[in-house]
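The values are calculated or read from the model by the stated rules, or taken from the named source; none is laboratory data. Everything numeric in this text was worked out from a predicted model, so none of it was measured. Every residue, glycine among them, receives a Cβ derived from its backbone with ideal geometry; neighbour counts consider all protein chains shown.
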Amino acid sequence: MIQNDNTNNNQFTISYELLCLLRWLSQHDVDKLKKLVTKALDNGLQEDIKKVEAYSKVNSESDMLEEVQHSILDFFTLMESLLLVALNEETAKKAVKQNLMPAIDHIDAAACDDETVRYSVERATSKAEQKPDQNAQELLFEELLKRWKPSKRQIMH
């Protein structure tokens, strides 16, 4: 997750997953990135760059730095949300392949958050692919139990 450090407005942190994505793209999809940049230039990026240059001539350096920070944060936020959507879609595909959707539908959302369920499904499908003789549903329940942290409100009297 992207976090802005409120104590120092010049720093922010990004998730390890997002760093992995950026590194992977720069190592494996350079041609696609180049095509994306070329398409952006063809569709108005050049004009936006000229506007930024004109903006920088009339505004202070601190205003420009703030604008740059907002742009970087917006970009990273978008990239991270796209990564999360893609991860969730991939997890759902694996769950369907392993026939885990009926079991997932029975998980109480109040007891397990989406992150716990997603991670458990990922682990269970990965284990099921490695050991096809094991029941994927049982592996899912084992993974959920490993990560389940019930609150006092969830404990029945």
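Any residue at all in region 10-28 that is surrounded by fewer than 10 Cβ atoms within 10 Å (Cβ to Cβ) and in contact (Cβ under 8 Å) with a residue 24 or more places away in the chain?
Yes, region 10-28 has at least one match.
Count, please, the residues in region 104-151 that happen to be modelled with pLDDT of 85 or more and of a type in the set (Gly, Ala, Ser).
Summing the residues that are modelled with pLDDT of 85 or more and of a type in the set (Gly, Ala, Ser) in region 104-151 gives 5.
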